[in-house]
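Notes to accompany the following structure.
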Amino acid sequence: MQVTSSVRKPLITGGKTVHDVTEDICRQVEAKPSKLWGMAFGISVVTLLIGFVAVATTLWEGIGMWGLNKTVGWAWDITNFVWWVGIGHAGTLISAILLLFRQKWRMSINRAAEAMTIFAVICAAQFPILHMGRPWLGAYWALPLPNTFGSLWVNFNSPLLWDVFAISTYFSVSLVFWFLGLVPDFATIRDRATGIRKKIYGALSLGWDGAAKTWSRYESVSLILAGLATPLVLSVHTIVSFDFATSVIPGWHTTIFPPYFVAGAIFSGFAMVLTLMLVTRAVFKLQDYITIEHIEMMNIVIIVTGSIVGIAYITEFFIAWYSGVPAEQYAFYNRMQGPYWWAYWSMMTCNVISPQLFWFKKIRTSIAATFILSIIVNIGMWFERFVIIVTSLHRDFLPSSWAMFYPTIYDVGVYVFTFGLFFTAFFLFAKFFPVINMAEVKSIIKSSSEKTA
Amino acid sequence: MKENQKTYWKGIEQLTNDAEFVKKNESEFPEYLPISEQGGETNNRRDFLKLMGFGVAAATLAACEAPVRKAIPYLNKPVDVDPSVPNYYASTYVNGGDAVSVVVKTREGRPIKVEGNKYSTITKGGTNAQVEASVLSLYDKERLTNPLKEGAEIDWETLDREVTAKLADIAAKGGQIRIVSNTVLSPTTKKAVAEFVAKYPTAQHVSYDPVSAYGITEGNKRSFGEAMIPSYDFSKAKTIVSVGADFLGTWISPIEFSKQYAQTRKINEHHREMSRHYQFESNLSLTGANADYRTPIKPSQVGPLVAAMYNAIAAKAGQPKVSGGSVSADHLNAAANELWANRGQSLLVCGSNDPAVQVLVNGINSMLGNYGTTINANAPVHYRQGDDMAMANLAKDLNAGRIAGLIFFNCNPLYNSAEASALAAGVAKATLTVSTSDRLDETASAVQYVAPDHHYLEQWNDAELRSGYISLTQPTISPLFKTRQAPESFLKWAGQDVEYYTYLQNNWRETYFAKQSDISNFQMFWDKALYDGVVDFGTTAKNLNYDFAAAATAATSIGQNYKSAGSGLELALYEKIGIGDGSLANNPWLQEMPDPVTKATWDNYLTISIAQANELGIEMKEGETQLVSLTVGGSTIEVPALVQPGQAEGTVGLAIGYGRTKAGRVANGVGVNAYPFITKLNGANTMDVLAGVSVAATGKPYRIAQTQTHQTYMGRENVIQESVLTEYKKDTKAGRVYPKIYKDGKYYKPSKITLWSGHEYNNHHWGMTIDMNSCTGCSACTVACQAENNIPVVGKEEVLNRREMAWIRIDRYYSAANPAGNKKELEQAAANPEVTFQPMMCQHCNNAPCETVCPVAATTHSTEGLNQMTYNRCIGTRYCANNCPYKVRRFNWFKYHDNTQFDKNSSMNNDLGKMVLNPDVTVRARGVMEKCSMCVQRIQAGKLAAKREGRRPVDGEINTACASACPSDAITFGDLNDPNSKISQLLQIEEKKEGEKVTERVVNEDRAYHVLEELNVNPNVWYMTKIRNKDKETTEA
């Protein structure tokens, strides 16, 4: 058991007792949906449906509904894919790596962050399927399934196949990890519930009995899963970056991509966690659980990862110049000064310059500033992927094929669809699942109450 | 034991042996079972199961649409038709005055591909885009299926009866009858027309050409006393000077000239000589793009420039000078000096239709002694026989009511003649009007009777392309519709009921069979002529003397007509390579073929110089431009402007052949009609408007669908490697760039540093070379590929979306205005740029980047070096296309077949159009990737043919569609493992050693290079450096 210094500031404020925790968290689950929740959920579902029109049209008519062309074969689809996968990273980082590092402040945010991971990966997974010309076949042909086509097998050389493995592993481990953490809390709700709710939460809690042995097993499995999930935090985006790094296209063909992508993923993931947590905190009145201290901690992570990303950008430029490869040099010149200069400079401003504002304590402890900056960072990270994918493709080796990419309403629509999907899922989660890990938070209440006592 | 023999009764009934029991005991179940109750009111369980089973099966069967099988086996198989085995027939493509000897490939009785006839002494197997595309026009849904009277269908008997009666009536009243046609090349047709004229003596045959060469025939008449167009031989010319003649693209006989010209552009280390080509022109033509030195001039300078050239040569030849000729143009003196230095081996051609100018051109060539070497006046060509004066008179007579009968024979003068509006106004004044058009075009819709002619692929005919050279047309399919051959109609109306085939044979028996003595049996003679497709009797020499007195008269005329260097804007009309005069406008392959120079599809546009674009404030970006209002004389039209580097300042260019209103759904409404701007100069039609032209910006945005929007190659020497002849003479490696990769303190060839183990090809190893020196950019290959490989047409919108499907494209690069400038400046094309054409298709990389990234292994490498695409397996991630450094992969963004949204893709969207599809090539589904296969179906067919005969395929027997279409022999395809193949010789590739990997093979030809060699994708396609015959490297052509 680790020792917590008694001079440490309490992680949960407001002098909450263990019972208060149960009450505060379960209230959201047990009470009737609030008007605000209803509105938010309604908007999400409407967004999902509107987006679905774009998805259905794309599936019915073909990928031609998007703005892609002979030169730019990927644009919003893979941009969105990488963006969503990146967002997912924060959840795993918080729950797995911070667990291993015994960072107790993570306890009040990890549940929502993990939920975000799951939903973000689900959103991300839409794109590899939807972007295929023939998703009805590709959805299973991309898997190494035994088949009756003769000796037909997938191509293990292809980074896209590695993606299939990376994402599916990541998704399953994250899901199990998340669900496991939910089990004791489901049991708490079960114990308080009656009727059908008792049955449902009873089933979800897998017969949790709260015995010491059960708790011991729970802790061990958590640790094992944390150990399993930790390399995944690094591997998933590394493999996603291989889609680009193993190619021959200038601007893609870069060995710096794996660490740079991982840093970027954590960067955008933390920003997204902040965005969501700040809203949840206000709506569910969880100010005592998600404190300014949490926000500040996460902002510090954002400064660090944002700076790593910034250094990566500069390194890319240096290497492009240093390599002496004209195509490479042109690709980076084109990013800054070509027709998509605005995308590049949006990325630079949002990702490199704006997070540096968090050096000021006033800004990093300001909720409004944090909220705005967290959104800016996510915009910037979307542009990062757009810049990498589109500006590298649109002017590659042969000038005869240089072209522009203009998104259509369907490109936007499919992106909107994933937003609808994400928020619908997130609001369902927020209503029906405990948004804060009660069991874990109770453990830090104790240590802080000891201090006050 | 006895106790064991007990009998157990089943019941008291057995003991008592009840009669009822005994009866039931025999059956399996003695007690009552409900199954026995049949035919009762209630259905039992088994019935229920039976009914349900039947019901489910019936419902399932009803849900499956039973396929309608239209394939019917032969009861009696035709002798020549074997399913899946193609037949080839020699024939002749004829469209107006254009004719090419071709070989038609048919499958199961359907013509599907047109190729050049190698026996032709004119085109020698070459074709052009229009010839390649013509097979689709056969299956055009807009063709008439029946004769018409006032737009209503009638039968041929009625039509013949009524037309004959009206003709007789006109003849009886002494009314005038005219047959109007384009150039008629067929001697037999001419004979039929003559018989018609004999029957109706007031009839006259008037021919015109949409793009007239009347000035040349008239010029020759004035110079030599004989109205003709001589044949030219560019292959013998060391110096070629062209004043406005687009001889590689549209002028007189471009395929023939491309073949000849290419011979003078072929160089290798043993032959370091090539012709030098000067071009003086207003619009940047295909020919100008290939010139070594190109000078932009205004149309008003053409006459004075030719006069100046005449005087320069006359001074050297000791002939009297003529008046005029005070003009200064770059390279004029150099051109004159070289012409003189290479006299007898030089050639001056001029595209002007002014007889006076042509007289001087003839004078220059006479003084240079080019007649007999590069010009053969003894073998005149017949492609343009139109008489502009006769046509003008016809329009006058018609409007004056002097013409009673008017027959439009396969022509559309209400659209494509200079007299279109006059004819349209007067056509109703004739008492009988007949058209033989194949569709209800602008002319046919204005006449009383339409007697539609066969398509050339449905008919018997002949064509005399050059004096003594006759090419036969034989049908490759029985007529699809109730059409009848026009000369047969003429014969019928002249009272002769004879089948045209018989008439043709009889004519041949009387004329050509009699002319020769080699073959004594007519049937044998006929069969040989049919097999070869061509008969060449040669010509007899005549003595032609140039009349120098004509030169002086001509010069005076020039002095009057060309107010030298007028300051106003001038308009130069021109023909595009694809659409030409507009007669084939309803062919979507030609509409979507990018113009070789502008790379624009589906439009005509005003080409404006860079200077003028700056003046008007027009900057083209991704095809975005403006509509400008063009005023010529009194009329104003709005037309999109296209900024054209190389356009002479003070001039604008506009293509004819567009703005069709009644060509069909593909062509109607595409572009604007420029024919009304054709005027007369010196009695001949002129495409140049020298005065009264103005252009104003309208500010209305417009997008021109270009397949290439970036003009320069950004100084990338790994893409284009070029040099000049003087350098090449010194070093055959001139212009070559050898990339090196740095590793551990040393520089290596890219192929020496690799993770790839390399393939070994033990059987065949297919490869291709492309000689950028002889490629003229004509785009015949692109249409050939489209026809061969069932490539869909996507329409203007999708071209604008940059989604054209071409497997082979021709990249056209202009030199940059400032080649030493920064990256922004490199993007700007020079005002008069050098032009480089680079055909680009799948490079069939041995270390293919596309193959490694496909998640489902849908694109793989063959054992013969081909990069293969398995459409069935493709799931459409497009990763391969992204990772292709050459961007040659094409994705099926939509379903292009059987989709009303793509009805312009007529080869895949109606039953008639689908007949053109090559059954050996899959029509690709939506969502799959496709690309050049190096015509793998042809390779396979060739290998099978050889295998059946127990031999190896012979070099040249297997050829790709692009290579066989190429009129300039720029593309060579073959087996790199065969040391005797043409490609192995060209590349000087060292013979493959046992077990040698492809990556180790050595190519010794210095000019051969791989595009993007530093990537070490190791393509199987090599490019040969572009060498210009210039003294030193400059960017201005």
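The helices (runs of 4 or more DSSP H) found entirely in segment B:741-856 that carry 1 or more residues being closer than 27 Å to B:THR287 by Cα and within 14 Å of another protein chain (Cβ to nearest Cβ) are B:780-788, B:795-800, B:823-826. Note on segment B:623-636: residues that are within 25 Å of the chain's Cα centre (by Cα) and under 21 Å from B:PRO296 (Cβ atoms) total 0.
Residue-wise test of (1) within 24 Å of the chain's Cα centre (by Cα); (2) touching a residue at least 60 places away in the same chain (Cβ under 8 Å); (3) within 14 Å of another protein chain (Cβ to nearest Cβ); (4) over 30 Å from A:VAL441 (Cβ atoms).
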| position | (1), (2), (3), (4) |
| --- | --- |
| A:ILE295 | yes, yes, no, no |
| A:VAL304 | yes, no, no, no |
| A:SER307 | yes, no, no, yes |
| A:GLU316 | no, yes, no, yes |
| A:SER323 | no, no, yes, yes |
| A:PRO339 | no, yes, yes, yes |
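Restricting attention to segment A:90-102, does a residue exist that is out of contact with any helix residue (DSSP H, G or I) (no Cβ under 6 Å at 6 or more places or on another chain) and among the aromatic types (Phe, Trp, Tyr)? For segment A:90-102, residues out of contact with any helix residue (DSSP H, G or I) (no Cβ under 6 Å at 6 or more places or on another chain) and among the aromatic types (Phe, Trp, Tyr): present. Counting only helices (runs of 4 or more DSSP H) that fall entirely inside segment A:3-92 and contain at least 3 residues that are more than 14 Å from chain B (Cβ to nearest Cβ), at pLDDT below 95 and within 30 Å of A:LEU234 (Cβ to Cβ), the qualifying elements are A:76-92. Against the condition touching a residue at least 40 places away in the same chain (Cβ under 8 Å) and in the same structural domain as B:THR698 (by TED's automatic domain parsing), how does B:ILE656 come out, does it pass? Taking the combined requirement at face value, the residue satisfies it. Of all residues in segment B:942-962, those satisfying the criterion of being buried (at least 24 other Cβ atoms within 10 Å of the Cβ) and outside any loop (DSSP other than H, G, I, E, B) are B:ALA961, B:CYS962. Among the residues making up segment B:926-937, those that are surrounded by fewer than 20 Cβ atoms within 10 Å (Cβ to Cβ) and either within 17 Å of B:GLN868 (Cα to Cα) or more than 14 Å from chain A (Cβ to nearest Cβ) (or both) are B:VAL936, B:GLN937.
For the condition under 26 Å from B:ASP397 (Cβ atoms) and surrounded by fewer than 22 Cβ atoms within 10 Å (Cβ to Cβ), B:ALA152 does not qualify. Scanning segment B:992-1034 for residues that are assigned to a strand (DSSP E or B) and either within 14 Å of another protein chain (Cβ to nearest Cβ) or aromatic (Phe, Trp, Tyr) (or both) gives B:TYR1009, B:VAL1021, B:TRP1022, B:TYR1023. If the condition is being surrounded by fewer than 23 Cβ atoms within 10 Å (Cβ to Cβ), aliphatic (A, V, I, L, M) and either within 11 Å of chain B (Cβ to nearest Cβ) or assigned to a helix (DSSP H, G or I) (or both), then segment A:240-256 contributes A:ALA245, A:VAL248, A:ILE249.
Screening the candidates A:PHE432, A:PHE419, A:PHE397, A:PHE423 for the property of being of a type in the set (A, V, I, L, M, F, W, C) and surrounded by 22 or more Cβ atoms within 10 Å (Cβ to Cβ) yields one hit, A:PHE397. Between B:LEU627, B:LEU584, B:LEU571, the distinction of being modelled with pLDDT under 95, touching a helix residue (DSSP H, G or I) at 6+ places or on another chain (Cβ under 8 Å), over 21 Å from B:SER352 (Cα atoms) and not in a helix (DSSP H, G or I) belongs to B:LEU584 only.
Results for (1) modelled with pLDDT under 90; (2) crowded, with 23+ Cβ neighbours inside 10 Å, shown as yes or no for each residue.
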site	(1), (2)
B:LEU976	no, yes
B:GLY995	yes, no
B:ARG1007	no, yes
B:GLU1013	no, no
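Are any of the residues in segment A:386-396 more than 30 Å from A:VAL29 (Cα to Cα), in a helix (DSSP H, G or I), within 14 Å of another protein chain (Cβ to nearest Cβ) and within 20 Å of the chain's Cα centre (by Cα)? Yes, some residue in segment A:386-396 is more than 30 Å from A:VAL29 (Cα to Cα), in a helix (DSSP H, G or I), within 14 Å of another protein chain (Cβ to nearest Cβ) and within 20 Å of the chain's Cα centre (by Cα).
Regarding A:VAL236, is this residue part of a helix (DSSP H, G or I), crowded, with 21+ Cβ neighbours inside 10 Å and under 24 Å from the mean Cα position of the chain (by Cα)?
Yes; evaluated as a whole, the condition is true for this residue.
Pairs linking a residue in segment A:267-283 that is farther than 24 Å from A:ARG385 by Cα to a residue that is crowded, with 21+ Cβ neighbours inside 10 Å and of a type in the set (Ser, Thr, Tyr), with Cβ atoms under 8 Å and 6 or more positions apart or on different chains, are A:LEU278/A:THR370; A:LEU278/A:SER374; A:ARG281/A:TYR289.
Is it fair to say B:THR189 is surrounded by fewer than 24 Cβ atoms within 10 Å (Cβ to Cβ) and over 16 Å from B:SER352 (Cα atoms)? In short, no. Considering segment A:182-201, and only residues there that are in contact with a Leu (Cβ under 9 Å, 6 or more places away or on another chain) and under 22 Å from A:THR92 (Cβ atoms), the residue that is nearest to the other protein chains (Cβ to nearest Cβ) turns out to be A:LEU182.
β-branched (Val, Ile, Thr), in contact (Cβ under 8 Å) with a residue 12 or more places away in the chain and either over 30 Å from B:ALA549 (Cα atoms) or out of contact with any strand residue (DSSP E or B) (no Cβ under 7 Å at 6 or more places or on another chain) (or both): does that describe B:ILE267? Against the criterion (β-branched (Val, Ile, Thr), in contact (Cβ under 8 Å) with a residue 12 or more places away in the chain and either over 30 Å from B:ALA549 (Cα atoms) or out of contact with any strand residue (DSSP E or B) (no Cβ under 7 Å at 6 or more places or on another chain) (or both)), B:ILE267 qualifies.
Exactly one residue out of B:LYS887, B:LYS895, B:LYS904 is in a loop (DSSP other than H, G, I, E, B), within 13 Å of chain A (Cβ to nearest Cβ), in contact with a helix residue (DSSP H, G or I) (Cβ under 7 Å, 6 or more places away or on another chain) and closer than 29 Å to B:MET593 by Cβ: that is B:LYS887.
If I go through segment B:637-687 residue by residue, how many of them are in a loop (DSSP other than H, G, I, E, B) and either over 26 Å from the mean Cα position of the chain (by Cα) or at positive phi (or both)? Qualifying residue count for the region: 11. Looking across segment B:858-884, the residues that are small (Gly, Ala, Ser) and away from every other protein chain (no Cβ under 13 Å) come down to B:SER862, B:GLY865.
Once segment A:125-170 is narrowed to residues that are small (Gly, Ala, Ser) and exposed (fewer than 15 other Cβ atoms within 10 Å of the Cβ), the residue that is farthest from the other protein chains (Cβ to nearest Cβ) is A:SER168.
The values are calculated or read from the model by the stated rules, or taken from the named source; none is laboratory data. These figures come from a predicted structure and were not determined experimentally. Note: ideal-geometry Cβ built from the backbone for every residue, glycine included; neighbour counts use all protein chains shown.
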